[in-house]
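Asker: The structure that follows is given in the form of structure tokens.
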Amino acid sequence: MKTFVTLFRKNTYFFLPLLLWVLAGGFMQSIFTPEELFRGINQTHNSVADVLMTGLTYLGDGAAFAVVLVCTLIARKYKLFLIGLVSILAVALIVQTAKHAIDAPRPLLYFQNASFVHVVKWVSVHYHNSFPSGHSAGAFALFCYLALIDNNKLRGLLFVSLALVAAYSRIYLAQHFFADIYIGSIIGTGCSFIVYSLFEFKNLTKTPVLCSNAAETALLAEPNLG
């Protein structure tokens, strides 16, 4: 528990907005139906957003995480590479197992190809294995991982924003429902957070030891200004 609290405090700029997302997302699902949440996002569209969402959705693709892992190898950060690799593999295992076990219909199948569903013409839309969203899980796993390893903690705000945009794009592109991206975000973040915590457990729980003898020696060594 101490490890988790330490990580949260060190990465407040990522985890505080994430916590607000989890709370707000849960609240929204308690007052709106899945259909209302889907239509509220999917039906707010324009041609510029079509292009942007098509590109931004790839932030949750496994290839994006692979690029980051290759960069860690080039930089010879082998421990970081292993942390990232285990994180994305855990995400893939959990998501794919759940997808095939639940086999929930995606929006186009659920709504029976209704005309009100906005579909970007150059995007191939799927019909099955909707829950949970793999791209959302991948995006949150990637950006949680980056937030944890980045020394500039202010960038946590950017990372969580990019993860949310990638998740949003999945509904915009008619690939998922709100619950799909919501649970996907929790799975992705949870995997990276737990894996990183396990690898860094010793470093995060290490308590500085005060050496009284060294302190006394330093004081005695100070010049006498009186």
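Asker: Report yes if some residue within region 29-37 is acidic (Asp, Glu), open to solvent by 80 Å² or more (accessible area, probe 1.4 Å) and modelled with pLDDT of 95 or more; otherwise report no.
Answerer: The answer is yes; a qualifying residue exists.
Asker: When the residues of region 53-82 are narrowed to those that are among the aliphatic types (A, V, I, L, M) and without any contact (Cβ under 8 Å) to a residue 40 or more places away in the chain, which ends up most open to solvent (accessible area, probe 1.4 Å)?
Answerer: 74
Asker: Test residue 101 against the criterion of being farther than 30 Å from residue 17 by Cα, of a type outside the set (S, T, N, Q) and within 25 Å of the chain's Cα centre (by Cα), and give yes or no.
Answerer: Yes.
Asker: Test of understanding: among 103, 180, which residue is within 23 Å of residue 30 (Cβ to Cβ), charged (D, E, K, R) and modelled with pLDDT of 95 or more?
Answerer: Only one candidate qualifies: 180.
Asker: Residue 163 - would you say it is in a helix (DSSP H, G or I), open to solvent by less than 10 Å² (accessible area, probe 1.4 Å), under 26 Å from residue 109 (Cβ atoms) and small (Gly, Ala, Ser)?
Answerer: no
Asker: Right, next: Among the residues of region 1-28, count how many are of a type in the set (A, V, I, L, M), farther than 25 Å from residue 179 by Cβ and part of a helix (DSSP H, G or I).
Answerer: Result for region 1-28: 2.
Asker: Just checking, which of 38, 65, 27 is of a type in the set (Phe, Trp, Tyr) and within 16 Å of the chain's Cα centre (by Cα)?
Answerer: It is 65.
The values are calculated or read from the model by the stated rules, or taken from the named source; none is laboratory data. In this text the structure is predicted, and so the values were computed from the model without any measurement. Note that we place each Cβ from the backbone using ideal geometry, even for glycine, and neighbour counts take in every protein chain shown. The protein model used for the area step is the full one, side chains on, heavy atoms only, and it has no ligands, DNA or RNA in it. Shrake-Rupley method; radii C 1.70, N 1.55, O 1.52, S 1.80 Å.
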